[in-house]
Amino acid sequence: MYSPKKLYWEDGLKTGDPNIDFQHKYLFDTFNKLGDAIIRDQGKDNINTIIERLKFYAEWHFGKEEKCMDDHQCPIAEKNKSAHAFFLDMLNKYYEEYNQAGGSTELAIKIHETLSDWFLNHVLKTDTNLYPCIHKR
Ligand SMILES: [Fe+2]
């Protein structure tokens, strides 16, 4: 049986912008809901609804975060943009594959694992670079 890793937000993940932090928490929560939906076998439609929410919310959030990095002249702003494009591309491909496969649980597990690991790692290693840019001076 699948035991999905839960994402927990902690102070070490702070970006220095409370709105961005709030959006990260919401995304963590959405990943955790996806994990729960898989364990409870909630079916293709429910899992699709959560993946769609991830798609739209992540895209909107990335736009906000990219603007914030640009505004604060963060040296990794461009690197962050390409990472976001990579994530959205991966998410869109998985979404299509999941629907073409008729909602395979095995694939849902792979999607959950891959995307939630990627996202946690991204917040930790890339987004936290915002902190010193916001708090310079
Ligand atoms: Fe980011």
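The values are calculated or read from the model by the stated rules, or taken from the named source; none is laboratory data. Because the structure is predicted, anything quoted here is derived from the model rather than measured. Every residue, glycine among them, receives a Cβ derived from its backbone with ideal geometry; neighbour counts consider all protein chains shown. Side chains included, ligands, DNA and RNA excluded: accessible areas come from the protein's heavy atoms. Shrake-Rupley method; radii C 1.70, N 1.55, O 1.52, S 1.80 Å.
Taking L107 as meeting all but one of (1) without any contact (Cβ under 8 Å) to a residue 40 or more places away in the chain; (2) closer than 23 Å to L7 by Cα; (3) loosely packed, with under 15 Cβ neighbours inside 10 Å, write down the number of the exception.
(3) is the only condition that L107 fails.
Quick one: how many residues across segment 15-44 are in contact with a Lys or Arg (Cβ under 9 Å, 6 or more places away or on another chain), free of Cβ contacts under 8 Å to residues at least 60 places away in the same chain and closer than 14 Å to K64 by Cβ?
Counting residues in segment 15-44 that are in contact with a Lys or Arg (Cβ under 9 Å, 6 or more places away or on another chain), free of Cβ contacts under 8 Å to residues at least 60 places away in the same chain and closer than 14 Å to K64 by Cβ gives 3.
Suppose the filter is part of a helix (DSSP H, G or I) and more than 15 Å from the chain's Cα centre (by Cα); does L107 pass it?
Yes: the conditions hold for L107.
If you scan segment 32-76, which residues turn out to be under 13 Å from H122 (Cα atoms) and part of a helix (DSSP H, G or I)?
A58, F62, E65
Mind listing whichever residues of segment 40-86 are over 30 Å from K136 (Cβ atoms) and open to solvent by 100 Å² or more (accessible area, probe 1.4 Å)?
The answer is R40, D41, D45, F56.
Exactly one condition in (1) touching a residue at least 24 places away in the same chain (Cβ under 8 Å); (2) over 17 Å from H112 (Cβ atoms); (3) more than 16 Å from the ligand (Cβ to nearest atom); (4) of a type in the set (A, V, I, L, M, F, W, C) is false for M69; which is it?
All conditions pass for M69, except number (3).
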